[in-house]
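What follows is a short report on a single structure.
Derivation of every value follows stated rules applied to the coordinates shown; laboratory data play no part. Bear in mind the structure is a predicted one, so any value in this text is a computation, not a measurement. Note: ideal-geometry Cβ built from the backbone for every residue, glycine included; neighbour counts use all protein chains shown.
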Amino acid sequence: MSYTIAIDGPAGAGKSTIAKKVAKELSFIYVDTGAMYRAMALYFLRKGIDSKDTASIEAACNDIQVSITYKEGEQQVLLNGENVSKEIRQEEVGNMASQTSVNAKVREKLVALQRQLARSENVVMDGRDIGTQVLPDATAKIYLTASSQERARRRYLELKEKGMEADLAAIEADIIDRDHRDMTREISPLCQAEDAVLVDASFMTIEEVAESVIRVFEEKR
C-alpha cells in the first residue's frame, strides 16, 4: 500500500517548497504537477500557439511527452527528453500554464501520469485540484494558502534576489487575477476539498508549515 499527500492551494502559497520539504523528511517522492503543466505550456509558447487556440493546443498534446526524474537528488522535468527545469520557471510560462491547464485534453494527459506515479510510490503531490480530482482518496489532504499581499511580497523578494526588476503592486494584481482564473475555470476549479485541512502560511515559517503537514499525515495514517 502506498501513501499519498495532496497539497492544494493558490499560486505563490509555497506549495512546492513545502511539498519538497515534506517529501524529503518522509522519504517520499515529490511530484511537481505544476511543473508538468508548465512544461506543456513551454511547448505551446515555443510553437507560437495562442492560449485561446483550443484546436492547436489539443493537437499539440499528441506531440508532447512530460516526465519527472531525479538526478543526484535534484528533480528534473523532461519535455520530450529535454531538461527544462529552469525554463519553466519564467513568469510567462506560469501564466500560459494557468490559461492552458483548463483544457480537458491537457489535463487528461497529465492526470493519467500523476495517478500512475501515486499507485506505485509514496508521493507528495501539489497543485490546484490534487485532493479534489487527481487523488480524491489521498491519505492526507492539505489546502495551503496565504494572503495575496504576502504571496506578492515573497515573489517580489525572490525576483529581486535574482537581480530582476519587479513591481510589487503589479505582482499582487497578477496573483489576484490568477486566483480568479483558477477558482472560476469550468474544469477542476481550485477549491478546498471537504476533507482537506486548511493551513494559512501567511505568518508561519517554512519549518512550521512542514511540521503541520506531517502532523496531519501522521494523524490520518
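Going highest first, how would you order 146-153, 51-58 by mean Cβ packing within 10 Å?
146-153, 51-58
Show me, bin by bin at 10 Å from 0, the whole-percent P(r) of the chain based on Cα pairs.
The distribution over the chain is 8, 34, 39, 17, 1, given as percents.
Give me the number: length gained by fully extending GLU87 to ARG119, i.e. 0.36 nm times residue separation minus the C-alpha to C-alpha distance, one decimal in nm.
Gain in length upon complete extension: 8.6 nm.
Before anything else, pin down the relative contact order of region 1-88: Cα pairs under 8 Å, at least 6 apart, normalised by residue count, whole percent.
Taking the mean separation of contacting Cα pairs over the length of region 1-88, I get 21 percent.
I want to check the label-to-label distance for GLU72 and ASP177. Put each point 7 Å from Cα in the C-beta direction and report it in nm to one decimal.
A separation of 3.9 nm, rounded to one decimal place.
How much of the pair distance distribution for region 30-121 lies past 19 Å, counting alpha-carbon pairs only, in percent?
Tail of the P(r) past 19 Å holds 35 percent of the pairs.
As a test of the formula, what do you get for the chain when each DSSP H run with n ≥ 4 contributes -39,500 (n - 2.57) and the sum is divided by the residue count, at 222 nm and rounded to the nearest 500 deg cm²/dmol?
Computed ellipticity for the chain at 222 nm equals -15500 deg cm²/dmol.
Take ASP195 and GLU211, extend 7 Å from each Cα along the Cα→Cβ direction, and tell me the distance between the two endpoints in nm.
Placing both labels 7 Å beyond Cα along the Cβ direction yields 2.8 nm.
Under the definition of Cα pairs under 8 Å and six or more residues apart, what whole-number percent is the relative contact order of the chain?
33 percent
Among the listed pairs LYS71/LYS141; LYS15/LYS109; LYS20/LYS47; LYS86/LYS162, give every one whose C-alpha distance is greater than 25 Å.
LYS71/LYS141; LYS20/LYS47
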